[in-house]
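Heads up, the thing below is written out as structure tokens.
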Amino acid sequence: MWRAWNLPKTKLTFKVLFNLILWGLWIGLPLVSPAHQSHENGHPHPHANPEFSEHIWLELLTVVPLFYIITLVLVPYVFKRFGVFAFFASLFGMVALFFGIQAWYHWYFLPFDQHKSFFDPQGIFPLVMITGIASTYGLLLEFINFEAEKEELSNEQLKSELSFLRSQISPHFIFNILNSIVYLIRTKADKQAEDVTIRLSSLMRYMLYDSDQSMVSLDRELEYLRNYVDLQRMRFEGDVTIDFEVHGTVRGCRIEPMLLIPFVENAVKHGVSFVQEPYIHVLFTIEHGQLNFQVKNKKGKMKDDVMDESSGIGLKNVLRRLDLLYPDQHVLNIRDTEEVFEVDLQMTLQQQ
């Protein structure tokens, strides 16, 4: 939000409008004041003709420089570099300086004011008023700049973290696929090994080129997942039942690349070994930009010595990515029992 306020056009428009309104009101309100009337006495009201123009020019010659000194010098330099106390001390000094200039001008150049004392306390009110306005305006601009910079830094950190998470997922996934290929080469015919290699090439192309994008089309992500599932079907050759279903309209939806594969990969990795009659069920339901993604696999009794150090890396990463990329836009439920592990993810997809 603050970065939008800090856009050059938006910021320039705000500054121009603020200055036009401020000085328009500063000059215009005294003109419509009842005090701006003709007087017959020797010392008319300061806002009365003909002396009104001299007073208003005096105010503008003091309050305008004071306003821009505060907003262009004191706030961005004194306040940011030397702190609050130096800033308030400089404000006090500026008000005193311009009050002295104003009193000197009154005494020597406005004869109808010479009956007053040299330091007229009424003259300090517009200076104090413009000081408050200028300080608020300048600090508001600095706050917008600060929040915009903080938001930009947060986005850069987010990009770096996501890049790191993707770099973790890719090698982890490749290791599992390579294990599958080694198994197929050892046990299957050459034609099947060739088919697996072609599908792996498609997977690698997606990982190297498409996964660097912030968003990809949902159909490309589903094609990637289908290739992965087909590889696993070839690997297990009917020993594991793997269902892959897609319902609804896929066209026009976009998603973070490689966001869903860790759930499927986890089901394959932990839903096959030491499992009697293993099955893996993957279901996509897309309706009006809402995705319901379900993965369910049967569990077995896995011994501790079988678990490797990389176990769970993919799931931890995808949970973190969901929190970063889809805050308040997803609901994830995981049911982990002795017999079944089930993931139910509902999320709002980006529309093209």
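The values are calculated or read from the model by the stated rules, or taken from the named source; none is laboratory data. Because the structure is a prediction, the values reported are computed rather than measured. Quick reminder, even Gly has a Cβ in these numbers, built from the backbone with ideal geometry, and neighbours come from all protein chains shown. For accessibility, only protein heavy atoms count, side chains too; no ligands or nucleic acids. Shrake-Rupley method; radii C 1.70, N 1.55, O 1.52, S 1.80 Å.
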Can you go through Leu324, Leu291, Leu345 and tell me which one is in contact with a Leu (Cβ under 8 Å, 6 or more places away or on another chain), modelled with pLDDT under 85, within 28 Å of Arg251 (Cβ to Cβ) and of a type in the set (A, V, I, L, M, F, W, C)? Leu324
Residues satisfying the stated conditions in segment 201-249, i.e. loosely packed, with under 13 Cβ neighbours inside 10 Å and in contact with a strand residue (DSSP E or B) (Cβ under 7 Å, 6 or more places away or on another chain): Asp243, Glu245, His247, Thr249
Residue pairs meeting the criteria (Cβ under 8 Å; at least 6 apart or on separate chains; first in contact (Cβ under 8 Å) with a residue 12 or more places away in the chain and at negative phi, in segment 77-89; second among the acidic types (Asp, Glu) and open to solvent by 100 Å² or more (accessible area, probe 1.4 Å)): none
Any chance segment 206-220 includes a residue that's assigned to a helix (DSSP H, G or I), within 23 Å of Leu332 (Cα to Cα) and free of Cβ contacts under 8 Å to residues at least 60 places away in the same chain? yes
Do we find a residue being at pLDDT 85 or above and open to solvent by 70 Å² or more (accessible area, probe 1.4 Å) anywhere in segment 40-49? no
